[in-house]
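The values are calculated or read from the model by the stated rules, or taken from the named source; none is laboratory data. Computed from a prediction, not measured in an experiment: that's the story for all the values here. In this analysis, Cβ positions are derived from the backbone assuming ideal geometry, glycine residues included, and neighbour counts consider all displayed protein chains. When the accessible area is computed, the model is the full protein with side chains, heavy atoms only, and any ligands, DNA or RNA have been set aside. Shrake-Rupley method; radii C 1.70, N 1.55, O 1.52, S 1.80 Å.
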Amino acid sequence: MKKHNFYAGPAILPQSVLNQAADSIQNFSNMDLSLLEISHRSKQFEAVMDESRALIHELMDINNDYDILFMGGGASSQFFMVPMNLLKDDESASYVNTGTWASGAIKEAKLFGKVNVLASSEEDHFTYIPKGYTIPQDSAYLHLTSNNTIYGSQYHEFPKCPIPLICDMSSDIFSRRLDFSNFDLIYAGAQKNLGPAGVTLVVIKKNLLERSGRKLPTMLNYKSYSDKGSMYNTPPVFPIYVTMLTLRWIKESGGLIKIEERNRIKAEYLYQEIDRNSCFRGTVAHPDRSWMNVVFVPTKEEYESRFIEACKEAGCVGLAGHRSVGGFRASLYNALDLSSVQVLVEVMKEFEKRNA
Ligand SMILES: *Cc1c(COP(=O)(O)O)cnc(C)c1O
């Protein structure tokens, strides 16, 4: 049975990417060897690193002031690597708390300096994106989380920022056009919209390397990755290769203009049904609704398990809300086709007919 994959992460990847990834495990780059058993210093793998970096520069439309780094440890390791590398002991860093992941980043930053939480939507269960706060000029940087994977809110406009702007884009990286040159450091765990778990992308403005002046272990210093082309040690070769295939797919699909258009259409289609259907209710303030993770709840408790069951029968999987939130979450990442959203909407309509 055809499965419609709405998992929040690790998440859906394009079928063509999976096919090529599978081939590479048997025979990589006509070497008659698996990608998994060759040197990361081979010219064939060097080509993967080069192409990945070039595609990111091209898709983000950023210049050589930025370095592209690949590392392990997940986005969660960036929660401490950012302050460790950027924040001096006697400085403060500014954060906006928009949910679980932002809170995680705040917690880790406190290990390295003072933290100003400029705004938080916690008192309202993270159902909106705070706006209208003042950004202190003397803060080392401002850290935002562009898309809140668990609560389903997303920045559709970023504040004008007079200090370096750092953004966790784990769950909406390459999902839309942005002026990426407004950001000074962007990071993303690959497993939501880019590739398999195991690699984290860091795009950093070179002038931020070694900013903190702190003595750091080699593997926790951005500079080491920058100096060695992310090959100080063995990089996560397979996740990087699959990420490169996804980047190629994005480019071949028409780049971020087309990807954004598709994502907007999918999200609007689903939100329209949530707003129309008497069995469901969206939880996030309309202007801040995420195009990537659509969070909604049943209007009667008894609908919850029944709806998940109805989804399963139609092949729609991964729709249970995060364990901390409940309800439902439909993740509509780049690789999810509109036809899958249409199947889900049909299930919702049918559900209303039978239950309401
Ligand atoms: C999933 C997620 C993380 C955590 O990523 P890991 O790679 O598992 O550490 C952090 N931030 C956001 C926005 C996420 O969606």
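Just a few scattered comments:
- Residue within segment 106-115 that is more than 18 Å from residue 212 (Cβ to Cβ), of a type in the set (Lys, Arg) and assigned to a loop (DSSP other than H, G, I, E, B) present: no
- Any hit, segment 130-139, residues being open to solvent by less than 20 Å² (accessible area, probe 1.4 Å), in contact with a helix residue (DSSP H, G or I) (Cβ under 6 Å, 6 or more places away or on another chain) and hydroxyl-bearing (Ser, Thr, Tyr): no
- Hey, residue 111 away from the ligand (no atom under 16 Å from the Cβ) and modelled with pLDDT of 95 or more or not: yes
- Some residue of segment 22-35 being in a helix (DSSP H, G or I), in the same structural domain as residue 221 (by TED's automatic domain parsing) and charged (D, E, K, R): yes
- Within segment 168-192, if we keep just the residues that are within 11 Å of the ligand (Cβ to nearest atom) and more than 20 Å from residue 49 (Cβ to Cβ), the residue that is farthest from the chain's Cα centre (by Cα) turns out to be 168.
- The single residue among 240, 173 that is touching a strand residue (DSSP E or B) at 6+ places or on another chain (Cβ under 6 Å), open to solvent by less than 10 Å² (accessible area, probe 1.4 Å) and not in a loop (DSSP other than H, G, I, E, B) turns out to be 240.
- Looking across segment 79-101, the residues that are buried (at least 23 other Cβ atoms within 10 Å of the Cβ) and either within 8 Å of the ligand (Cβ to nearest atom) or more than 18 Å from residue 165 (Cβ to Cβ) (or both) come down to 79, 99.
- If the condition is being farther than 25 Å from residue 245 by Cα, open to solvent by 40 Å² or more (accessible area, probe 1.4 Å) and modelled with pLDDT of 95 or more, then segment 320-342 contributes 320, 342.
- Annotation note: of 347, 317, the sole residue that is open to solvent by 20 Å² or more (accessible area, probe 1.4 Å) and either aromatic (Phe, Trp, Tyr) or out of contact with any Gly (no Cβ under 6 Å at 6 or more places or on another chain) (or both) is 317.
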